[in-house]
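The values are calculated or read from the model by the stated rules, or taken from the named source; none is laboratory data. Treat the numbers as computed from the prediction; the structure is a model and nothing was measured. So basically every Cβ, Gly included, is an ideal-geometry build from the backbone, and we count neighbours across all protein chains shown. In case anyone asks, the SASA skips ligands and DNA or RNA and just uses the protein heavy atoms, side chains included. Shrake-Rupley method; radii C 1.70, N 1.55, O 1.52, S 1.80 Å.
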Amino acid sequence: RRGWTRCDDNDWNVYWASPHTIKQIFSPDNGIRLSDSQMVNHFPNHLELTRKDLMVKNLKRYRKELERVAAERAISDANQRNSTSDANQRNSSHGNTDQRNDLDLDFECIPTTFILPADYALLAEEFRRSPNSMWIMKPTSKSQGIGIFIVNRLSQIKRWVAQRVNATAPKDAYVCSRYIADPLLIGGKKFDLRLYVLVVGYRPLKVYVYRRGFARFSSVNYSYEANELDNDLIHLTNVAIQKHSGTYSHTHGWKWSLEDLIKYIEGTRGAAAASQLMESMGWVIVHSLKACQNSMIHDRHCFECYGYDMMIDD
């Protein structure tokens, strides 16, 4: 439609390459130089955002940085309040408390998360503080729901650690996050949102969100009961999981368009709630990209299309 033609030589403008090929292109040993008119579809170290453990590391560091900035602003505000009575009056309603609340709102979307097995002691301590909580375990480098399971007892994680020690196959690290136990349900079913985001530069950050996202539904009604923790058809919305359900539809694939989902929320929660939801998801995207902005190797020949999976709580 745009007049692009496929080519098999080096006279190309856009190269849709694998991550391995990207490493080769940007390796200093290869001496490859891209021309001004050539672009590739990955940043050299795109894993800083797309691999779960690296994303967690960057988000935690980013939060600490924002907390440091908020503390510095609080000191500055306090000095201003002490300088004149006018400054005191202005800051009475726009001071440190509001800024810290804004910070908390920005990050309430990030559940408590640990990287295992390295953070096992920290997770055990958290379990003792919240013994009735549920946690979801995900391998750092897998997709399509592979290797994911849910636990509600520390003994389950101890058993998992013991099995890793005895296994001879290569072992992935895992991220363990507090499970969102009260998801927004539609027709009794859990769902998540897939949004596509195009980043054309990190310095400065320039990002576009594709308007045609979609919601992916589970095929079995949601249950929080302990005896259903192993039922992937309840808890995981990945198409690779749900397509094995006896009720899976190959016509609509248990999906809604983003447009239909927003209409549903407008009808059940009001237009203001739908608008706030879209704005909040936009800020989640921005914060996640800013979190890895300083770690990402920026190259003007790169762009990247990311798939974001969003969960909405009740």
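Just a few scattered comments:
- Residue under evaluation Asp182, criteria (1) charged (D, E, K, R); (2) within 25 Å of Glu279 (Cα to Cα); (3) surrounded by 14 or more Cβ atoms within 10 Å (Cβ to Cβ); (4) touching a residue at least 60 places away in the same chain (Cβ under 8 Å), criterion not met: (3)
- Among the residues examined, Tyr248 qualifies as under 30 Å from Lys263 (Cβ atoms) and out of contact with any strand residue (DSSP E or B) (no Cβ under 7 Å at 6 or more places or on another chain).
- Residue selected from the range 6-37 under the condition at pLDDT 90 or above and of a type in the set (Val, Ile, Thr), by the criterion nearest to Leu49 (Cα to Cα): Ile22
- Strands (runs of 3 or more DSSP E) enclosed by the range 211-314 - at least 1 residues per element that are among the basic types (Lys, Arg) and out of contact with any Leu (no Cβ under 9 Å at 6 or more places or on another chain): 255-257
- The sole residue among Asp86, Asp98, Asp77, Asp102 that is modelled with pLDDT under 85 and under 30 Å from Val175 (Cβ atoms) is Asp102.
- Qualifying positions in the range 207-231 - open to solvent by less than 60 Å² (accessible area, probe 1.4 Å) and in contact (Cβ under 8 Å) with a residue 12 or more places away in the chain: Val207, Gly213, Phe214, Ala215, Arg216, Phe217, Ser218, Ser219, Val220, Tyr222, Leu229
- Where Lys190 falls short, out of the listed (1) closer than 30 Å to Asp260 by Cα; (2) buried (at least 17 other Cβ atoms within 10 Å of the Cβ); (3) in contact (Cβ under 8 Å) with a residue 60 or more places away in the chain: (3)
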